[in-house]
């Protein structure tokens, strides 16, 4: 039912191209997963995701646990049926949200008490509960409940988070019963190399079919993230899928692929769209800018997406300024398309053996004009 | 380039089925036009409108004049190109908006000074200007600049509005130069039969290829609207298209079709969608209601639209409660589909000669549970 086959290896970096087989189809890796926090990739339909070529979507356990509740989703036949998405689904464990988003939390050895952002009610989530909720949601890949420390954070606090994450990983594995789901462990350890190694080794000892790297892209300098990725490349089993959580900036995707990462998720493409910003081959385009007012070119002349084939910057700028929902739809579509094509091109370059050249050429023309991301 | 052919006449009512030929294709009548105020039918793409079977869309001159400006739209190649909609387009004249929406207005014989709702800037719109802006926008059918009085309104004030509307109609006709556009006159007169007759006769004297009925569905009792429609049926030329502005409730569409109306527009289907309400064959469905929580049926089991084929009430309720844009998209799609199918069925019934039976059967099961319309 599940498999991970590496088909191509870059001879000069750790990049690899493979196929992740799930009960809902084969996923070519490296893969970017757009985020469908509340059982919808914001503004887009599943049919549009298919048209874009999206192979897998991430949904958030924390949000769906609170609303509509995993029981409703289970009665609907699981998340695939509920949201009408028939390809791969992955749920996070809720750990990141209860540690970073939910207010008034209280941490115990068994999990976390937290306050719902919706109605202020008190809830508890721990390793067994997070697995139970994720089994009810029914994604193809589910995640261990972990403690994701903030950045910056003292080595002592991160060490404690690693200890707890390792203990919870063992409990998650014991609690997991569904054979049509893969449960991944999550490495923590912040920017501390030794803690990262310790965390990875503890998870390997428990043994998982895949390993995620959490707690990066949380505010640390990019060079620290890249340094940790190189450490992870040494520590994580080479034959298992590796998933870098919450990373989606094009330059980071390229760097992480070079360190052997196979899977990514990030809210960036849909969030940038909601801020009226579009990816182009040359960097980000802010459509509110006055120079788009009478610019009748597409967002990106090199792009072949539905939006770039039918709409001008002038029209999109008008929609953004008028607050029209169609702007969010069209920009979300384009941005997810852009990252999906980037990953496709990365896979092609790995297969052809020229990933380092592809990466260099891409970064030469792509200028990351930091927007409101 | 333009024609209006009546092909079927109901033997027992004034209902008729016809074809309105425009430079952007043939429109089967009676027809419902969804509203694309700011050059987009809120939340929907043109491709979705084609899939639904929408034949013609109304856009608002007032809004597009203020933003992005008719000059930009003209430089984009006109409204069809700008918004990428290749079927029929109709623009209103802006009269309704400057009289009812725009604050601090000052009325003169030449037009209206008003304050922009966007930035408070002062603008002037009169008969010549409204035609000029609409020629720049380039819709297939454009409207005379009219004065739409509020409801209730004294007979004297409505009489004055009729006088001004008639004078402006003549000036609009004189100002209109594009031969690839049809200019329609607009009858005013509130709920006063004699004023309605006077207004219709004045417009007929000027002579237009089509006639609109404005100033109804602005708060008056339904019976007053229906009474005026019967008067209009007597006054308006039988062979010219008749357009009832701003009407879209199913029961009103049926009544107006019986009075020989051929065209309708209304924001209701998209506005109801934004309030989380969907049309069904039995009446309106409010998705926030708790009884949708575990209702895994489609919105309307009789509906064949994309939404009803793929989504449950439970999922749509979740999206509405979570504030997800996909909810607005899916409900807008369904509601426009519902009215488009209703008009299609009305046309079929007229062609078969059993429109009165169709109307009775529809109203027997359709219960208008007034929502937040």
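Distance between the pseudo-spin-label points of residue B:109 and residue B:204 (7 Å out from Cα toward the beta carbon): 2.8 nm.
Computed packing ranks the peptides B:354-366, A:200-212, A:251-263 as A:251-263, A:200-212, B:354-366, most packed first, by mean other Cβ atoms within 10 Å. Take residue B:197, move 7 Å from Cα toward the beta carbon, and the resulting point lies 9.9 nm from the same point in each other copy, nearest first. Beta-bridge orientation, the protein assembly as shown: approximately 50 percent antiparallel, per DSSP, counting only bridges with both partners inside.
Taken over the range A:250-373, the convex hull of the Cα atoms encloses 99 Å³ per residue.
Neighbouring Cβ atoms from other chains, within 10 Å of the Cβ of residues in A:41-50, number 3 on average. Descending by average beta-carbon neighbour count within 10 Å, the peptides B:322-335, B:298-311 line up as B:322-335, B:298-311, the highest first. Counting only DSSP beta bridges with both residues in the range A:167-309, what percent are antiparallel, rounded to the nearest 5? About 35 percent, rounded to the nearest 5. Note on residue A:151 and residue B:293: the model spin-label points, each 7 Å out from Cα along the C-beta direction, lie 4.1 nm apart. Take residue B:155, move 7 Å from Cα toward the beta carbon, and the resulting point lies 9.4 nm from the same point in each other copy, nearest first.
Ranked by the mean number of other Cβ atoms within 10 Å of their residues, highest first, the peptides A:12-24, A:183-195 fall in the order A:183-195, A:12-24. Assuming a ≥ b ≥ c are the square roots of the Cα gyration tensor eigenvalues, decide whether the range A:188-284 counts as rounded (a/c under 1.5), prolate (otherwise, with a/b larger than b/c) or oblate. In terms of gyration-tensor shape, prolate. Rounding to the nearest 10 and keeping the result within 0 to 90°, find how far the Cα-based axis of helix A:355-365 lies from the longest principal axis of chain A. Compared with the principal axis, the helix lies near 50 degrees. Across all directions, the average flat footprint of the convex hull enclosing the Cα atoms of chain B is 17.5 nm². The mean number of partner chain beta-carbon atoms within 10 angstrom of a residue's beta-carbon across peptide B:307-318 is 4.
Assign one of three labels to the range A:39-120, namely rounded, prolate or oblate, based on the Cα gyration tensor with a ≥ b ≥ c the square roots of its eigenvalues; rounded applies when a/c is under 1.5, prolate when it is not and a/b is larger than b/c, and oblate otherwise. The shape class here is prolate.
With its label point defined 7 Å out from Cα along the Cα-to-Cβ axis, residue A:75 lies at 5.7 nm from the matching points of the other copies, in increasing order. In angstrom, the C-alpha Rg and Dmax of the range A:80-183 are 14.4, 44. Let me have the 222 nm mean residue ellipticity of chain A computed from DSSP H runs of 4+ only, each contributing -39500 (n - 2.57), with the sum over all residues rounded to the nearest 500. One gets -13000 deg cm²/dmol as the mean residue ellipticity at 222 nm. Projected onto its three principal axes, the C-alpha set of the protein assembly as shown covers 90, 53, 44 Å, listed from the longest axis down.
Measuring from each Cβ of chain B to the axis that turns chain B onto chain A, the shortest distance belongs to B:325, 3 (residue, then whole Å). Remark: mean inter-chain Cβ contacts per residue of A:319-326 equal 6, using a 10 Å Cβ-Cβ cutoff to other protein chain atoms.
Readers should treat all values here as calculations from the given coordinates under stated rules, not as data from a laboratory. Note that the structure is predicted; figures quoted are calculated from it, not measured. Note: ideal-geometry Cβ built from the backbone for every residue, glycine included; neighbour counts use all protein chains shown.
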